[in-house]
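Asks: Below is one structure. I have some questions about it.
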Amino acid sequence: MLRNTSTGYGTIAIAFHWTMAVLIIGMLALGIYMHELPPTEPATFQLYQLHKSTGFVVLALAAFRLVWRLINPAPQLPSGMHPLEKLAAHLGHVGLYLLIFAIPVTGWFMVSASPWGIPTILFNVLPVPHLPIPEALGSKDQAEAFFKLLHEYGAFLLIGLIVVHIAAALKHHFIARDETLKRMVSTASAKSNS
Ligand code: HEM
Ligand code: HEM
């Protein structure tokens with residue numbers, strides 16, 4: 001059961017969801033933690049490199065996941081949901097998708113704009129080129145500060161959305177007692193359609 005059906009998620013969507021959930025929550029925690037460390041320590045540098053490398057893994061997974069999502073629509077939401085609740089669920093998912101692209105991309109722009117010019121070498125193996133920075137953003141310092149702000153605000157917005165997202169999943173499971181959480185855990189709901 002690789003593909004989604006109208007009643008449940010398939011293995012690929014479930015694998016994308018949980019792999020990325022673990023990576024993204026880990027990246028949020030790592031970002032906040034490393035930001036507090038003394039910037040000149042070698043260990044801090046290593047953590048920044050790990051954060052950058054893992055961020056590119058998230059970006060690549062987000063691209064593959066979006067393609068999979070576009071050719072393989074999500075199951076229908078439970079019929080008992082109010083139309084406004086359905087709209088909120090869709091907007092929430094669109095917001096999550098947007099942020100899992102926007103946050104790594106703003107990180108990429110931030111390190112590209114940095115006057116330090118530190119190269120990004122994924123897991124010390126694969127070099128990633130710096131992105132061109134629009135001149136309208138001013139000096140390198142100003143451009144770096146701009147993307148840093150977008151990266152931070154994006155990350156804090158994502159934390160807010162994830163909290164609401166998890167609360168909604170728990171409400172479906174424990175209060176509405178429907179299949180919503182179960183179908184993101186197992187393909188049994190998808191199979192019941194076939
Ligand atoms: C899923 C992807 C990512 C997430 C969730 C994420 C999240 C975060 C968070 C929460 C912070 C701390 C912000 C703060 O406390 O002010 C941070 C900082 C940072 N991130 Fe990311 N990040 C991601 C991807 C990337 C990528 C791809 C790069 C670069 C290629 C990057 C570069 C940085 C840098 C350089 C900082 C430190 C900024 C500073 O010194 O204030 N991040 N990130
Ligand atoms: C413990 C944490 C989490 C739980 C319990 C959870 C639960 C769920 C559930 C039950 C669904 C299915 C909703 C439906 O059928 O309409 C879902 C979908 C989704 N979740 Fe999560 N989630 C978690 C973490 C995350 C994280 C960290 C992200 C990304 C930042 C995320 C992004 C998404 C997206 C984009 C969808 C829509 C999938 C699609 O239809 O293509 N989730 N989640």
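The values are calculated or read from the model by the stated rules, or taken from the named source; none is laboratory data. Model, not experiment: these values are computed from the prediction. Backbone-built Cβ (ideal geometry, glycine too); neighbour counts: all protein chains shown. Keep in mind that these areas ignore ligands, DNA and RNA; they rest on the heavy atoms of the full protein, side chains included. Shrake-Rupley method; radii C 1.70, N 1.55, O 1.52, S 1.80 Å.
Asks: Restricting the search to segment 100-120, which residues are in a helix (DSSP H, G or I), open to solvent by 40 Å² or more (accessible area, probe 1.4 Å) and within 24 Å of Thr40 (Cα to Cα)? Break it down into steps so the answer makes sense when it comes.
Replies: Within segment 100-120, the first condition is being in a helix (DSSP H, G or I), and the residues that meet it are 100-113.
Of the ones still in play, those that are also open to solvent by 40 Å² or more (accessible area, probe 1.4 Å) are 101-102, 105, 108-109.
Trp108, Phe109, listed by residue number.
To keep it simple, each residue is scored yes or no on (1) open to solvent by 30 Å² or more (accessible area, probe 1.4 Å); (2) aromatic (Phe, Trp, Tyr); (3) under 25 Å from Ala102 (Cβ atoms).
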| residue | (1), (2), (3) |
| --- | --- |
| Arg3 | yes, no, no |
| Tyr9 | yes, yes, yes |
| Val22 | yes, no, yes |
| Gly26 | yes, no, yes |
| Tyr33 | yes, yes, yes |
| Ala43 | yes, no, no |
| Thr54 | no, no, yes |
| Leu59 | no, no, yes |
| Arg65 | yes, no, yes |
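Asks: With Ala190, Ala155, Ala136 as the choices, which residue is more than 10 Å from ligand 1 (Cβ to nearest atom) and open to solvent by less than 90 Å² (accessible area, probe 1.4 Å)? Steps first, please.
Replies: Numbers: Ala155 fails: more than 10 Å from ligand 1 (Cβ to nearest atom); Ala136 fails: open to solvent by less than 90 Å² (accessible area, probe 1.4 Å).
Checking each option against the conditions leaves just Ala190.
Asks: Now, a different point. Pairs, please: C-beta under 7 Å, at least 6 apart or cross-chain, first residue near ligand 2 (Cβ under 9 Å from one of its atoms) and assigned to a helix (DSSP H, G or I) and in segment 71-99, second open to solvent by less than 100 Å² (accessible area, probe 1.4 Å) and β-branched (Val, Ile, Thr)?
Replies: Gly92/Val164
Asks: For segment 124-149, enumerate the residues that are in a loop (DSSP other than H, G, I, E, B) and either under 18 Å from His51 (Cβ atoms) or not hydroxyl-bearing (Ser, Thr, Tyr) (or both).
Replies: Asn124, Val125, Pro129, His130, Leu131, Pro132, Ile133, Pro134, Gly138
Asks: Hey, another quick one. Do we find a residue being under 24 Å from Leu181 (Cα atoms) and either in contact (Cβ under 8 Å) with a residue 24 or more places away in the chain or over 14 Å from the mean Cα position of the chain (by Cα) (or both) anywhere in segment 27-38?
Replies: Yes; the residues of segment 27-38 include at least one that is under 24 Å from Leu181 (Cα atoms) and either in contact (Cβ under 8 Å) with a residue 24 or more places away in the chain or over 14 Å from the mean Cα position of the chain (by Cα) (or both).
Asks: Restricting to segment 173-185, and then to whatever is touching a residue at least 12 places away in the same chain (Cβ under 8 Å) and either small (Gly, Ala, Ser) or assigned to a helix (DSSP H, G or I) (or both), can you tell me which residue is farthest from ligand 2 (Cβ to nearest atom)? Can you show your working first?
Replies: Initial filter on segment 173-185 (touching a residue at least 12 places away in the same chain (Cβ under 8 Å)): 176, 178-181, 183-185.
Narrowing the set further to residues that are either small (Gly, Ala, Ser) or assigned to a helix (DSSP H, G or I) (or both) leaves 176, 183-184.
Details: Ala176: 12, Arg183: 6, Met184: 4 Å.
My answer is Ala176.
Asks: Could you figure out which of (1) surrounded by 15 or more Cβ atoms within 10 Å (Cβ to Cβ); (2) farther than 20 Å from Met81 by Cβ isn't true of Arg183?
Replies: Unmet condition: (2).
Asks: Next question, about the same structure. Test of understanding: among Phe123, Phe147, which residue is away from ligand 2 (no atom under 14 Å from the Cβ) and open to solvent by less than 50 Å² (accessible area, probe 1.4 Å)?
Replies: On the way: Phe123 fails: open to solvent by less than 50 Å² (accessible area, probe 1.4 Å).
Result of the check over Phe123, Phe147: Phe147.
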